[in-house]
1. Any idea what angle helix 230-240 forms with the longest principal axis of the chain, computed on alpha-carbon atoms, 0 to 90 degrees, nearest 10?
2. Measuring with a 1.4 Å probe in the full set of protein chains, what accessible area per residue, in whole Å², belongs to the range 1-124?
3. In a Gaussian network model over the chain where Cα atoms closer than 10 Å are linked, find which of Asp176, Asp28, Asp243 has the largest mean-square fluctuation.
4. Under 10 Å, Cα contacts only: if you run a Gaussian network model on the chain, which one of Ala70, Ala181, Ala95 comes out with the highest mean-square fluctuation?
5. Specify whether the C-alpha gyration tensor of the range 1-139 places it in the rounded, prolate or oblate class, a ≥ b ≥ c being the square roots of the eigenvalues: rounded for a/c under 1.5, otherwise prolate if a/b is larger than b/c and oblate if not.
6. How much of the accessible area of the chain, in percent, comes from carbon and sulfur atoms when a 1.4 Å probe is used?
7. Whole-Hz ³J(HN,Hα) for each residue in the range 2-19, computed from phi via Karplus 6.51 cos²θ - 1.76 cosθ + 1.60 with θ = phi - 60°, x for glycine and proline: what do you get?
8. Might you report the magnitude of the Cβ-based charge dipole of the range 88-186 about its Cα centre, with Lys and Arg at +1 and Asp and Glu at -1, to the nearest 20 debye?
Amino acid sequence: MLRIERGHAEIELAAGRLNLVTRTLLRDLLAVLRQIESAPDIRCVVLHGHAKAFCAGSDIGEFASLGADASERKILFEDHVLRCLAALPMPTIAAIDGVALGGGFELALACDMRVAGAKARIGLPESRLGGLAASGAVRLARLVGPARAKELLFTGAILDARTALDWGLVNRLGEDAVSQARLMANEIAQRGPLSNRLAKRLVDAALDQPLDAALSLANAAQQRIFDGPDLREGANAFFAKRDPVFASRSPATEGRST
């Protein structure tokens, strides 16, 4: 379910009591991502489930029917949806109430930031079943480093919210993750939209590209800021002692593909 409010979008995972990662859930999520990826008025996205489960992971009952065709029927489609989520041009926040395990935590890892509720439980426990959190291993290592990532993967540990914060798996804690994420989203929505989209691209480039190439992208991004209206509006608002009113981004100027 998609809701757009005060400059940010909320995507609610709604696939039953545990929000299992099924093909139907992924198909519905992909349709929403395609709907919002070029929306000029959306400045932040919050992804959440419900109080019991953000997303409890894959449907283990499906595993018996998968074999040599697993890539065709499951792996590649899941990877495509996760890439589309990660490639959204605006900042994204996963609001984790309840459990976020396995494929559910992989959805959260594809977001830019994560907020955990007081009763959140987070982990990649696939090794307990002899399985593998493949894309989760890659994104997790980038987030917390190889030692923490290997410990979580090798042991299949499930962490409480405080430990997840201490490890750097989540950015913030709140009694209610969705409410906390909305506060973050509202704050982000008040900032320069082009600035935040370019900042996201540059942070991602810092992980993906050699230093010289990433710095070249940074120089080009900085020029785009000076070419646009937002910096002038921000400076004028500063001297006028008022809140800035930033223009929505024009889709034609962004040019980011998924």
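The values are calculated or read from the model by the stated rules, or taken from the named source; none is laboratory data. All values derive from a computational prediction rather than experimental measurement. Virtual Cβ from ideal backbone geometry, glycine too; neighbours counted across all protein chains shown. Just so you know, the surface numbers come from the protein's heavy atoms only, side chains and all, with ligands and any DNA or RNA stripped out. Shrake-Rupley method; radii C 1.70, N 1.55, O 1.52, S 1.80 Å.
1. Once rounded, one gets 60 degrees.
2. It amounts to 40 Å² per residue over the range 1-124.
3. Per the Cα network of the chain with a 10 Å cutoff, Asp243 tops the list.
4. Checking each option, the largest mean-square fluctuation is seen for Ala70.
5. Cα axes put the range 1-139 in the prolate bin.
6. Percent of accessible area from carbon and sulfur atoms in the chain: 56.
7. These are the phi-based 3J(HN,Hα) values: 10, 9, 10, 8, 6, x, 10, 10, 10, 10, 9, 6, 9, 9, x, 4, 10, 6 Hz.
8. The dipole of the range 88-186 has a size of about 140 debye.
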